[in-house]
Amino acid sequence: MANMDRRTEYHPERRPDLVGSEVNSVGGNPDSAFPRPFPTYSIGHPYPRPAILPESDLPHQEKGNAQNSQDRNRNIGIPDKKCNRPLRYLRWNFGSVYRRIFTIAFIANMATLLVLAIRSASGAGSFTYRTAATAVSVNLLVSIAVRNEHVVNSLFIVIGSWPQGAPLGLRRMLAKVYSYGGIHSSCAVAAFFWYISFLADFMVNFHHPGLNTIRTCIIETGFAILLELVIILIFAHPRMRIRHHDGFECTHRFLGWSLIVIFWAQIFLLASAEAEIAKISLGASLVALPSFWIVIAITLLVIYPWTHLRLRDVEAEALSNHCVKLNFKYAKVHYGQVIRITNTPLWETHAFAAIPNARHAESDAEEGRETLSHAGEKGFSVLVSNAGDWTSKTIRNPPSKIYTRGVPQYGVLRVAGLFSPVVIVATGSGIGPCMSLFMEKPWHPVRIVWSAKSPEETYGRAVVNTIYRTDPDAIVIDTEKVGRPDLVNIVYSVWKRGLVLGRHGSLPTPCEAVVVISNQKVTRKVVYGLESRGIPAYGAIFDS
């Protein structure tokens, strides 16, 4: 990159706040007292300040001991992490909001089970297999319901859509709404232990002459349920889910369906046994079981997304050999939403961020610059970049029809709207979810850091144009030319500078939060690196 011109290029008529000022690559007020570690390198892009940084000026991820890391941080002005390592782990890793929710819900379940068991053993109460069966059903219902698209959307609308005038501390706390998965996993694990107590109590206390066959069937189906629950929980463990994601999807889907079938068989067996004991009809015995009604709700929740399975027309638009844009016209979406698409609905689905079409033709088109297609039309698009077998096949052979399942569902990017200004950090195809915010709310104050391999060649000039139109100070890093940058250092520098919202001479407005959209490894590294330095950062949990 030594042959690149070392100059600053901007258009003052588009940025009145920068008239007569020198522009640096990480933005902010040029009169700010903050240092400027990264000079600007222009590659002749039609937007000002294309911050594709040279290797010599870019903080890189380097291997070395902790002391070397601290020395590098001091050199560029980034502070050391707070606390010592064990305390940091407890606070920002093991003590994440997701794990806190999981722990509270799980302990509440186990404490209830323990209290009921002690009271029953002491004769102060009666704990029966019927109680345990109800607890199993309730936990499974909550676990499944919290994953329902409408429930998730309601959580984001109610909790994640507070006005920006609300106290910043409250908004930062509510922005963790995407950690709702802790409820899903904790209730599922708790259901397993409740089911063990159900089966144990049933085997010990259910003895009635003439019902041995039913008792044997209930015990056999009980052990089958336990086995399937164990398999599901094993594949749902984070490490297993990463290494064997297809196995995770298959066990969750097919074993989950078979569990519901076995639950129904077991409920009818229990109702039949109790009807025989009480000398009542099977129907009367069924409606008296709380589990009967709860499993009806569970069954409907599982079926519901499949009622929205549709084969949709799709227009494929090749952006490069590594990325294709799929255009849909069947619905209107909002920023932060994802849709699930697939060629084989029974086997797998793939979640992609839905990018709303621009509301009207962009000014870029009038000035001869390339823009995203379908502006002003109803619909949305998704960006599919090469990240595996399915995406590679889709890019090589773009479909004209594809299945969608369920309804658009909000994800972590939705919380970006709670903060102004907000720093948006993306790597690779993670820019897709971010584009939904840039398209629907181009006026929302943001700072953008995007690291990708050959961004313009891979995703097209229209995508890069949109980024620089949204944030003329955006930092776009071409990892093909400069390697992988140290995003924590770069984002910290952007965070410190803030965003100039007024005219030249105005003080920069401090950024309120950072939202990271990347793969699991980078998301965790950046979020942890920022949170451990006191910066509120948000990124996906990767729990599904």
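Here are the numbers for the structure shown:
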read-out	value
Boolean, I477 is under 30 Å from F94 (Cα atoms) and hydrophobic (A, V, I, L, M, F, W, C)	no
So I232, is it crowded, with 17+ Cβ neighbours inside 10 Å, closer than 17 Å to N139 by Cα and not acidic (D, E)	yes
Single residue of A117, A132 found to be part of a helix (DSSP H, G or I), touching an Asp or Glu at 6+ places or on another chain (Cβ under 8 Å), under 17 Å from A191 (Cβ atoms) and not polar (S, T, N, Q)	A132
Test: H208 is farther than 14 Å from T131 by Cα, outside any helix (DSSP H, G or I) and touching a residue at least 12 places away in the same chain (Cβ under 8 Å)	yes
Condition met for F292 (aromatic (F, W, Y), surrounded by 13 or more Cβ atoms within 10 Å (Cβ to Cβ) and outside the structural domain of T344 (by TED's automatic domain parsing))	yes
Criterion (within 34 Å of the chain's Cα centre (by Cα), under 19 Å from F263 (Cβ atoms) and in the same structural domain as Y180 (by TED's automatic domain parsing)) met by exactly one of A133, A111, A105	A133
Selection within region 349-368 - at pLDDT 85 or above and more than 13 Å from L326 (Cβ to Cβ)	T349, A351, P356
Residue satisfying all of: in region 474-527; over 29 Å from S454 (Cβ atoms) and crowded, with 19+ Cβ neighbours inside 10 Å; modelled with the lowest pLDDT among these	V500
Wholly within region 240-315, helices (runs of 4 or more DSSP H) carrying at least 1 residues that are in contact (Cβ under 8 Å) with a residue 24 or more places away in the chain	245-250, 256-278, 290-303
Looking only at region 375-391, and only at residues there that are under 24 Å from the mean Cα position of the chain (by Cα) and part of a loop (DSSP other than H, G, I, E, B), the one that is nearest to M435 (Cα to Cα)	G379
Residue list for region 528-544, filter: free of Cβ contacts under 8 Å to residues at least 60 places away in the same chain and assigned to a helix (DSSP H, G or I)	L530
Checklist (1) at pLDDT 95 or above; (2) at positive phi; (3) not small (G, A, S) applied to V295, failing item	(2)
Among (1) surrounded by fewer than 19 Cβ atoms within 10 Å (Cβ to Cβ); (2) closer than 27 Å to L199 by Cβ; (3) in contact with a Gly (Cβ under 8 Å, 6 or more places away or on another chain), the one test that Q266 misses	(1)
Flag for S179 being hydroxyl-bearing (S, T, Y), more than 29 Å from V412 (Cα to Cα) and in the same structural domain as R147 (by TED's automatic domain parsing)	no
Residue count, region 392-411 (criterion: at positive phi and either in a loop (DSSP other than H, G, I, E, B) or assigned by TED's automatic domain parsing to the domain that holds A540 (or both))	0
Condition check for V189: in contact with a Gly (Cβ under 9 Å, 6 or more places away or on another chain), among the hydrophobic types (A, V, I, L, M, F, W, C) and assigned to a helix (DSSP H, G or I)	no
Identity of the residue in region 412-469, in a helix (DSSP H, G or I) and in contact with a Cys (Cβ under 6 Å, 6 or more places away or on another chain), that ends up surrounded by the fewest Cβ atoms within 10 Å (Cβ to Cβ)	T458
Residue in region 236-254 that is out of contact with any Cys (no Cβ under 8 Å at 6 or more places or on another chain), among the hydroxyl-bearing types (S, T, Y), in the same structural domain as T103 (by TED's automatic domain parsing) and closer than 24 Å to W293 by Cβ present	no
Flag if K525 is more than 21 Å from A353 (Cα to Cα), within 17 Å of the chain's Cα centre (by Cα) and of a type outside the set (V, I, T)	yes
Top-ranked residue in region 211-229 [being surrounded by 18 or more Cβ atoms within 10 Å (Cβ to Cβ) and within 35 Å of the chain's Cα centre (by Cα); ranked as farthest from T131 (Cα to Cα)]	L229
Test for P472: is it more than 24 Å from A540 (Cβ to Cβ) and not basic (K, R)	yes
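Residue-wise test of (1) closer than 14 Å to L326 by Cβ; (2) at pLDDT below 90.
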site: E370; (1), (2): no, yes
site: H374; (1), (2): yes, yes
site: V423; (1), (2): no, no
site: S429; (1), (2): yes, yes
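The values are calculated or read from the model by the stated rules, or taken from the named source; none is laboratory data. What you are looking at is a predicted structure, and each value in this text was computed from that prediction instead of being measured. Neighbour counts run over all protein chains shown; Cβ positions are idealised from the backbone, glycine included.
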